[in-house]
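> Questions regarding the structure given below will be posed in turn.
Each reported figure results from applying straightforward, stated rules to the coordinates on display, with no laboratory input. Fair warning: this is a prediction, and the values are worked out from it, not measured in the lab. Heads up, the Cβs are rebuilt from the backbone with ideal geometry, glycines too, and the neighbour counts pull from every protein chain shown.
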Amino acid sequence: MDIGLSMIVKNEGNRLHKSLWEIYDLFDDIVVVDTWSEDNTLEILRNFHINPILYKNPYPDQRLIEARNFSIENNKAERILILDGDEHISREDIIAIKKINPSEKVDWYFVKWIDYRYKEPFEDYKMCLIRKNAVRFLFSVHACPQVYIRDNNKNGLWLNWISLSHYPEIKPHRQKYITQLENGIKENPGCMRFYWFLWYHYFKNQLREEAKKYLIEVINHKNTRFPVETLNSFMILASILQNEWANLASYQLIFEWLEFYRIVKNDFEVKINFRLYSRFKNTHNELINNHKAKIIPYEFAF
């Protein structure tokens with residue numbers, strides 16, 4: 001498989017060498033969009049014989065969706081690896097991807113995504129390999145290609161033997177992130193993904209009343225364009241209500257979760273999410289056998 005590389009970077013001088021040094025020669029085309037770095041990012045890219053495209057971000061909250069799609073549209077390769085400056089993929093995995101016999105029926109690939117910002121590596125999944133003319137990123141935060149895939153009936157594969165490693169900076173102050181999510185809700189009130197990330201932020205920071213408002217918003221919609229976000233909203237809200245001693249309402253949410261799961265169980269992302277069903281089913285069974293069993297939602301890297 002011939003593949004290109006698309007990246008968006010800003011002030012990634014401390015990490016770009018790790019991200020690129022062993023793989024940059026394997027791609028058929030490389031497009032790096034720089035959103036006006038102020039460190040040595042451009043110098044490092046040019047040392048790799050990469051001429052970055054300077055992209056002036058018109059949004060004060062620094063959203064990157066247009067830059068992301070711009071990097072894809074300007075790549076000459078048919079299939080494109082999407083890589084952030086704080087992510088790393090091994091040379092062996094790139095070579096393994098190139099050996100895949102590509103099919104016109106395959107528009108996207110999910111890979112295993114491992115986050116190293118925590119004490120223990122956190123394993124998740126991410127769509128990072130696409131067919132150029134088949135997939136676009138929507139919305140301004142957590143760009144949500146999954147919705148585009150659902151809306152356009154695209155087909156894909158889950159490459160769980162390929163790993164993408166994430167080494168982000170630890171940033172205790174996340175006001176820019178919150179502003180992006182709040183702006184996203186104002187501009188796209190039907191995008192449940194914004195509500196999901198915002199309530200999870202509130203939940204993790206013990207702001208339960210704020211979290212409940214957004215959780216209820218997601219659950220009331222039961223939007224099949226956002227099945228994973230909706231399923232997780234059920235679990236988090238059930239956990240909050242249980243901690244508030246509203247056990248009956250909490251248990252009712254678990255049953256509603258099972259009903260919604262039956263509707264969306266064949267969705268591609270629901271199938272890929274390897275924690276989802278087992279955590280919910282086990283919780284349901286524990287509650288049947290012991291009404292005092294704790295509802296513990298699984299962790300999420302954000």
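> Check each of the chymotrypsin sites (Phe, Trp or Tyr not before Pro) in the range 186-293 and keep only those in coil by DSSP with at most 14 other C-beta atoms within 10 angstrom; list them in order.
Values: sites: 194, 195, 196, 197, 199, 200, 202, 203, 214, 234, 245, 251, 255, 257, 260, 261, 268, 274, 277, 280; in loops: 245, 274.
For chymotrypsin sites (Phe, Trp or Tyr not before Pro) across the range 186-293 that sit outside H, G, I, E and B with at most 14 neighbouring Cβ atoms in 10 Å, the list reads 245, 274.
> In addition: Between residue 22 and residue 206, what is the label-to-label distance in nm when each label sits 7 Å out along the Cα-to-Cβ direction?
4.2 nm
> Setting aside same-chain residues fewer than 8 positions from residue 212, which aspartates and glutamates have a Cα under 15 Å from its Cα?
229, 244
> In addition: Find how much the distance from residue 213 to residue 167 grows on full extension, using 0.36 nm per residue of separation minus their present alpha carbon separation; answer in nm with one decimal. Numbers along the way, then the final one.
Values: separation 46, 0.36 × 46 = 16.56 nm, distance 3.20 nm.
That works out to 13.4 nm of additional length.
> With an 8 Å Cα cut-off and a minimum separation of 6 or more residues, compute the relative contact order for the range 1-150 in percent. Numbers along the way, then the final one.
Details: 262 pairs, mean separation 40.5, N = 150.
It rounds to 27 percent for the range 1-150.
> Follow-up. Could you please report the charge total around residue 221, scoring K, R as +1 and D, E as -1 over all other residues with beta-carbon less than 14 angstrom from its beta-carbon? Could you put the intermediate results ahead of the total?
Working: positive: 193, 213, 222, 225; negative: 217, 229, 256.
So the environment of residue 221 carries a net charge of +1.
> Give the long-range amide H neighbours of residue 79: residues separated by 5 or more places, or on another chain, with amide H under 5 Å away, using H modelled in the peptide plane at 1.01 Å from N.
Under 5 Å from the amide H of residue 79 lie the amide H atoms of 4, 132, each far enough along the sequence or on another chain.
> Can you tell me the length gained on complete extension of the stretch residue 152 to residue 244, counting 0.36 nm per residue apart and subtracting the Cα distance?
Numbers: separation 92, 0.36 × 92 = 33.12 nm, distance 4.15 nm.
Between residue 152 and residue 244, full extension yields an extra 29.0 nm.
> Which lysines have a Cα lying under 25 Å from the Cα of residue 56, excluding residues fewer than 8 positions away in the same chain?
Excluding near neighbours in sequence, the set is 10, 76, 132, 171, 176, 186.
> Can you give the convex hull volume per residue for the Cα atoms of the range 1-143, as a whole number of Å³? Spell out each step's value before the answer.
Working: hull volume 17.2 nm³, N = 143.
Considering the Cα atoms of the range 1-143, their hull volume per residue is 121 Å³.
> If you don't mind, another one. Between the DSSP loop rule and a limit of at most 14 other Cβ atoms within 10 Å, which GluC sites (Glu not before Pro) in the range 67-105 are left? Please report the intermediate quantities before stating the final value.
Values: sites: 73, 78, 87, 92, 104; in loops: 78, 104.
Taking the range 67-105 and a limit of 14 other Cβ atoms within 10 Å, the loop GluC sites (Glu not before Pro) found are 104.
> Please identify the trypsin sites (Lys or Arg not before Pro) of the range 220-302 that satisfy two criteria: DSSP loop assignment and at most 16 other Cβ atoms within 10 Å. Which are they?
Details: sites: 222, 225, 262, 265, 271, 275, 279, 281, 292, 294; in loops: 222, 225, 265, 275, 292, 294.
Qualifying residues, ordered by number: 265, 275, 292, 294.
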